[in-house]
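One structure is given below, encoded as structure tokens.
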Amino acid sequence: MNKLPRAAQYYLVAILALGVAAIALSQVLYFPPSPAKGWELAVFIGLGILAGSRKVSLSKKLIRHEEAGSMSLGFAITFAALLKFGPSVAVATGCASCLSSCLYPKRQAFHQIAFNVALGAIEAVIGGFVFLSLNGWTLQMRPAETFIAVAGTSLAFYVVNTFGVAIIIALCSAQKTLAVWQQNFLWTAPSYFATGSISALAMLLFRTSSTGVLLFILPVAYLVYQSYVTYIGREQEKQQHIEALELNQAQLADLYLATIKSLALAIDAKDQYTHQHILRVERYAVAIATEMGFKGADLQAISTGALLHDIGKLGVPEYVLLKPGKLTPDEFDKIKKHPEIGAAILGPVEFPWPVLPIVRHHHEKFDGTGYPDGLKGEDIPMSARIMAVADVYDAVTSTRSYRRAWTHEKAVSVITKDAGTHFDPEVVDAFNRIIDQVVEEMARDGEGPLALHNPIAKGEECTSTQAARDISRSSAELWALYEVAQILSSSLGIADTIVILSRKMESIFPGAACVFLLKDPKTGTLNAGSSAGLNQDFFEGAHTMGERSLSVRCLSENRIHTGDFDSEDLMLIASPAAQWTDLQSSMIVPIVYQGRELGTINLYHSEEAAFNDYAQQLLEMIAERAAPALYNGSLFERSRGDDSRDPLTGLFNVRYLTEQVEALCQQRSNGEKPFSLLCLDLDSFKPINDSFGHDKGDAILRELAEIFTSVAEGKGTAIRYGGDEFVIVLEDAGHDAACGIAHEIIQAVESYDPGLAHYKHGQLSIGVSIGTSTFPQDGCDCASLISAADTNMYELKAERKLLSLAQTKKQPKRSAA
């Protein structure tokens, strides 16, 4: 009883009190004298007990796992006892019958027994008062008055019994009483009136013979009982069949959705930068839609649409999806076709939910500048407006090739600012109400923008997840090898190669330390040529400790090591400005070219067993492709001796940059006199090489080098970093002065005319993106200063790209000739 709701407990106590009162009243109030004999009373009560055990369940609503409502043969005996002997005997017979039905065939809980017995007493007393009142306060059978009294008495029994039980069910199950009564008890009314009529007829036919009354009532009552048993059995079979069909339908729906999800994950895994994107977008979109009151099919459409919104990327060339740099206008036009392609792919599928509008219109903008149809405002389906917010939020909080992931706060701020232009203000309001809670919940699961990710971490995966991860890994291999090829093709010396490679390795293996160890041909020692990532300050200048060092043995035996971190392998350099993070696992891959031992690539991680077979395979491929470049670089280094000039432009090279910046850092270690770096990256340079050849591209690089030297003259030193990247060291410039010089360079490059015209693209121009960093606030060594400037440059490049796209969208469309 203590587990019942409080209201149900109060009701139960009230029924018990009324039951006790009813029993007392049946014994003390004056009723017409009963002609009952002792054996007759015993027979009726005994039959009531026997008949009470024969019951039919009326309701499948459960109270503590027990049937909440039933009807037994005992009602016929109780009603006959009322007509023949009056309320006193009827109460005794009814209580005995109810007690029997509660104890057999299965004993109910005590509070249920008490409730049913009390309710039986109440309905017998009320029924007795109704019968006597309508029958002239006599037990004599008078056809006209008696049948009216029997009808009223049957109604009283029916109302008291069914509503009494319906109320307790409703209180226990938090339903409406009338709904419970209509569903479970309304249809039982004929049985009460039929039983009452049969009892009255038996009394008229056998006035003085109790045996005759019972012999007449019991067969008919049993037939009524058996018909209910048959009816209830058939209804239960129908219900079980319906439930089985519903279960099958639910299983088919689950299978349908699982198939959709697996397909969508496989497509999503092709894009290295958007892996798991659809699952995060689904979570954001469903949360927004739920906040806005979406339910049922509409909410399922949001969920399914989120999983399938990028299916059109099947029609986008892989070189566009996997391109690590910014897209050309033609490449972006290919990306913009994916909503139309997706809608066309899914067109023949008869979804039970409105999915296609989401797939086709999730890139529309509220001000009409989106694609593919340029819909505006309310013309855009609400589901697509929700998807637009969820899609953009995940895109900007995820790392892309052209920029780092935005913080959660910045993303929310930008989306809020764009309400009314890019996004529907109503959707943005709902997004702002739920997003903090959603990303906090995702962070606890290791997901979303607030979570720390470790893509190399171990863990058990289901088959479908593993398959999607394999697809992603294949794309990652292609992307990583493309990156490495770009680096190797644009560098000549060893220093150039390993410095740039180490920076790229940090993004390929996030959370790890990467160290390039190069072999000294004179001593056989492996020395750290470059390092990046975890504990970078300690690995700068590190070297092996002898022939038994693990890295030396891996190189000499040309074998790969994957296992625990060996603290005896390297002699590390102390760093007072940095804090050491304990390392648990390592992977060492030798760099060998045509039998020549060049060095090793060493990866370290703070987690145990952080590197799996996939990481080893990827690092082997990188080492294999780096080996010839490092060998050629060593030949180049030997051929030019100590020369620190770039042979193409005549500018200083990376070696000079490293030496100069490290010297400045040591000279100005007190931080009193700042200096700055400018990292320059040419925009739109690749089409020149592709369309006009590398000779023309080299000529333009030389001309731009002269521009950089001219602007920096008297202020700093221009250096070619590699490919189309340059660095300018400003020895006496703080942050504001560096920004001013950067502005001068941008203006000079914009005014430079390369003299190139293309039949398709027209007159070509070149731009430059510049990032700045200042010693000591942005870093205290060469690597950290370059990294800070490089990061700043890519963020500015990304913002310029977004601004350019926005301006392009606002251009009026040309009509066809």
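The values are calculated or read from the model by the stated rules, or taken from the named source; none is laboratory data. What you see is a predicted model, and the numbers here were worked out from it, not measured in a lab. Cβ atoms come from the backbone with ideal geometry, glycine included; neighbour counts cover every protein chain shown. To get the accessible areas, we keep the full protein, side chains included, count just its heavy atoms, and leave off ligands, DNA and RNA. Shrake-Rupley method; radii C 1.70, N 1.55, O 1.52, S 1.80 Å.
Brief remarks follow.
- Matching residues, region 414-450, being of a type outside the set (A, V, I, L, M), touching a helix residue (DSSP H, G or I) at 6+ places or on another chain (Cβ under 7 Å) and assigned to a helix (DSSP H, G or I): THR416, PHE431, ASN432, ARG433
- Residue in region 636-644 that is surrounded by fewer than 20 Cβ atoms within 10 Å (Cβ to Cβ), part of a helix (DSSP H, G or I), in contact (Cβ under 8 Å) with a residue 12 or more places away in the chain and not basic (Lys, Arg) present: yes
- Any hit, region 437-457, residues being modelled with pLDDT of 75 or more and polar (S, T, N, Q): yes
- Region 658-673, subset surrounded by fewer than 16 Cβ atoms within 10 Å (Cβ to Cβ) and not in a helix (DSSP H, G or I), residue modelled with the highest pLDDT: LYS673
- Candidates GLY368, GLY377, GLY446, GLY420, filtered to the one that is open to solvent by less than 20 Å² (accessible area, probe 1.4 Å) and more than 19 Å from ALA306 (Cα to Cα): GLY377
- Once region 645-657 is narrowed to residues that are charged (D, E, K, R) and open to solvent by 40 Å² or more (accessible area, probe 1.4 Å), the residue that is modelled with the highest pLDDT is ARG655.
- ILE358 being β-branched (Val, Ile, Thr), within 26 Å of GLY296 (Cβ to Cβ) and modelled with pLDDT of 95 or more: no
- Selection status of ILE719, among the hydrophobic types (A, V, I, L, M, F, W, C), open to solvent by less than 20 Å² (accessible area, probe 1.4 Å) and part of a helix (DSSP H, G or I): no
- Out of ALA411, ALA405, sole residue that is within 30 Å of SER787 (Cβ to Cβ) and not in a helix (DSSP H, G or I): ALA405
- Odd one out for HIS605 among (1) modelled with pLDDT of 80 or more; (2) on the phi > 0 side of the Ramachandran plot; (3) open to solvent by less than 60 Å² (accessible area, probe 1.4 Å): (2)
- LEU677 being part of a helix (DSSP H, G or I) and under 30 Å from LEU518 (Cα atoms): no
- Which listed residue is open to solvent by less than 10 Å² (accessible area, probe 1.4 Å) and not polar (S, T, N, Q), from VAL392, VAL355: VAL355
- When region 95-126 is filtered for residues that are closer than 19 Å to LEU4 by Cβ and touching a helix residue (DSSP H, G or I) at 6+ places or on another chain (Cβ under 7 Å), the ones remaining, listed by number, are CYS102, GLN108, HIS111, GLN112, ILE113, ALA114, PHE115, ASN116, VAL117, ALA118, LEU119.
Conditions (1) closer than 23 Å to LEU139 by Cβ; (2) at pLDDT 70 or above; (3) under 50 Å from the mean Cα position of the chain (by Cα), marked per residue:
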{"site": "LEU12", "(1), (2), (3)": "no, yes, yes"}
{"site": "ALA24", "(1), (2), (3)": "yes, yes, no"}
{"site": "LEU50", "(1), (2), (3)": "no, yes, no"}
{"site": "LYS55", "(1), (2), (3)": "no, no, no"}
{"site": "LEU58", "(1), (2), (3)": "no, no, yes"}
{"site": "ALA81", "(1), (2), (3)": "yes, yes, no"}
{"site": "ALA96", "(1), (2), (3)": "yes, yes, no"}
{"site": "LEU103", "(1), (2), (3)": "no, yes, no"}
{"site": "LYS106", "(1), (2), (3)": "no, yes, yes"}
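- Among the residues making up region 566-600, those that are in contact with a Leu (Cβ under 6 Å, 6 or more places away or on another chain), at negative phi and crowded, with 17+ Cβ neighbours inside 10 Å are ASP569, MET587, VAL589, PRO590, ILE591, GLU597, LEU598, THR600.
- Any hit, region 779-798, residues being under 47 Å from the mean Cα position of the chain (by Cα), in contact (Cβ under 8 Å) with a residue 60 or more places away in the chain and open to solvent by 70 Å² or more (accessible area, probe 1.4 Å): yes
- Some residue of region 747-762 being basic (Lys, Arg) and surrounded by 14 or more Cβ atoms within 10 Å (Cβ to Cβ): no
- Within region 413-434, residues that are over 15 Å from SER383 (Cβ atoms) reach partners that are part of a loop (DSSP other than H, G, I, E, B) and of a type in the set (Asp, Glu) with beta carbons closer than 6 Å, at six or more positions or on different chains, in the pairs THR421/ASP367.
- Residue within region 540-562 that is open to solvent by less than 60 Å² (accessible area, probe 1.4 Å), under 39 Å from the mean Cα position of the chain (by Cα) and small (Gly, Ala, Ser) present: no
- Against the conditions (1) among the hydrophobic types (A, V, I, L, M, F, W, C); (2) under 25 Å from GLY293 (Cβ atoms); (3) open to solvent by 30 Å² or more (accessible area, probe 1.4 Å), VAL414 satisfies every one except (2).
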